[in-house]
Amino acid sequence: MSEEVKILAIESSCDETAASVVSNGRTVLSNVISSQIALHTLYGGVVPEIASRKHIERINQVIEEALKQANTKLEEIDAIAVTYGPGLVGALLVGVAEAKALAYGAGKPLVGVHHIEGHICANYIENPELEPPFMCLVISGGHTHLVNVVAYGKYEILGRTRDDAAGEAFDKVARAIGLGYPGGPKIEAKAKEGDAFAIPFPRAKVADGPYDFSFSGLKSAVLNYINGCQMKGEVYSEADIAASFQQAVSDVLVEHAMRAVEEHGVNKFAIAGGVASNQTLRRALEEACKERGIAFYHPSPIFCTDNAAMIGVAGYYEYMAGVRSDWELNAIPNLKLGER
């Protein structure tokens, strides 16, 4: 093994076909992403079968471009890392099959990576001083997890959503008020025109899980508000709905996260996932951490959404810990964090 360890990473869990070359777990030599957002916008959300077909069409080109941008040949790669769950099963299978074929053909080790672990590890890319232990809030279209990062590759899940993920709620509310897909950026843009305290939407708590989240009731409250206005012939403000909804989500995430930070005595807090690029939420969490004297970390937006660089970082630490996947590696759409 060379002194410099290079990981070729592949990510295809949803609607981004991505490949990256990462050096020593912290330096991104290339990060190529082929997004399908424009295509799925036509249908108001991700269509799994279409996503899988697009991955097949693009994956070879994306990998070739990642190696080219990194000025690296496949034989110079130390290992190949790939997302094998959670995610859309068909989409995952494309990436896993590609990684297995490349690893077998080139005689390279194969390392399966958990998608949520990748999101957490995205924080290492631009924060060289960040090391475990720390607390991380992972918020995306499919996941809302509050995780205690005990060590590299070792995670303790403190809380998770009982129903809709935060990003999923953003998408559904955006659709309800006619903003379309993807919901997160559209809600954030519309919210800038509205009053965040115009409508008293609920902030849910889970009685038997103080760190758990529930956004289904909030989503229903928004739908009921819209239906009520329509039935009474009242005009409602899309901007006020967007702003009040976003504020309710932000309040719950901040409250739960800070409670966990205080009760576990940690002094470092990070966010990850697509919703972590929301500026309102990011400012609220940053201010809450500042008030408590806690160091706050976050990835740039390009590393918040699905990408292969984060998989390369996670893959590096798994590889250095001796983790190797065999040729039986398969896609696991409901893979739990910490499982193998």
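The values are calculated or read from the model by the stated rules, or taken from the named source; none is laboratory data. What you are looking at is a predicted structure, and each value in this text was computed from that prediction instead of being measured. Cβ placement follows ideal geometry from the backbone for every residue including glycine, while neighbour counts extend to all protein chains displayed.
Miscellaneous remarks
- Within the option set Ala38, Ala51, being within 30 Å of Gly178 (Cβ to Cβ), of a type in the set (A, V, I, L, M, F, W, C) and out of contact with any helix residue (DSSP H, G or I) (no Cβ under 8 Å at 6 or more places or on another chain) holds for one residue only, Ala38.
- Any hit, the stretch 220-231, residues being over 16 Å from Arg175 (Cβ atoms), touching a Leu at 6+ places or on another chain (Cβ under 8 Å) and of a type in the set (A, V, I, L, M): no
- Scanning the stretch 137-162 for residues that are part of a loop (DSSP other than H, G, I, E, B), under 16 Å from Pro86 (Cβ atoms) and not polar (S, T, N, Q) yields Gly141, Gly142, His143.
- Qualifying residue in the stretch 32-49 (condition: in the same structural domain as Thr83 (by TED's automatic domain parsing), assigned to a strand (DSSP E or B), in contact (Cβ under 8 Å) with a residue 24 or more places away in the chain and crowded, with 21+ Cβ neighbours inside 10 Å): yes
- Each residue in the stretch 312-332 was checked for being within 25 Å of Asn123 (Cβ to Cβ) and touching a helix residue (DSSP H, G or I) at 6+ places or on another chain (Cβ under 6 Å), and 2 pass.
- Where a residue in the stretch 56-75 is surrounded by 13 or more Cβ atoms within 10 Å (Cβ to Cβ) and its partner, wherever it lies, is assigned to a helix (DSSP H, G or I) and β-branched (Val, Ile, Thr), with Cβ under 8 Å and at least six apart: Ile56/Val94; Ile59/Val94
- Gly322 vs. criteria assigned to a loop (DSSP other than H, G, I, E, B) and farther than 12 Å from Met135 by Cβ: yes
- Tyr316, sole failed condition from (1) surrounded by fewer than 18 Cβ atoms within 10 Å (Cβ to Cβ); (2) in a helix (DSSP H, G or I): (1)
- Exactly one residue among Pro109, Pro185 is outside the structural domain of Gly228 (by TED's automatic domain parsing) and not charged (D, E, K, R), and that residue is Pro109.
- Considering Glu156, Glu126, Glu131, Glu168, the condition of being among the acidic types (Asp, Glu) and closer than 13 Å to Gly45 by Cα is satisfied by Glu168 alone.
- For Glu3, the requirement of being surrounded by fewer than 16 Cβ atoms within 10 Å (Cβ to Cβ), free of Cβ contacts under 8 Å to residues at least 60 places away in the same chain and assigned to a loop (DSSP other than H, G, I, E, B) is met.
- Residue ranges of helices (runs of 4 or more DSSP H) in the stretch 219-308 with at least 3 members closer than 25 Å to Thr83 by Cβ and either in contact with a Cys (Cβ under 7 Å, 6 or more places away or on another chain) or touching a residue at least 40 places away in the same chain (Cβ under 8 Å) (or both): 301-304
- Subset of the stretch 121-149 (residues that are surrounded by fewer than 21 Cβ atoms within 10 Å (Cβ to Cβ) and farther than 26 Å from Lys205 by Cβ): Glu126, Asn127, Pro128, Glu129, Leu130, Glu131, Pro132, Pro133
- Residue within the stretch 141-150 that is at pLDDT 95 or above, assigned by TED's automatic domain parsing to the domain that holds Gln247 and either more than 17 Å from the chain's Cα centre (by Cα) or of a type in the set (Ser, Thr, Tyr) (or both) present: yes
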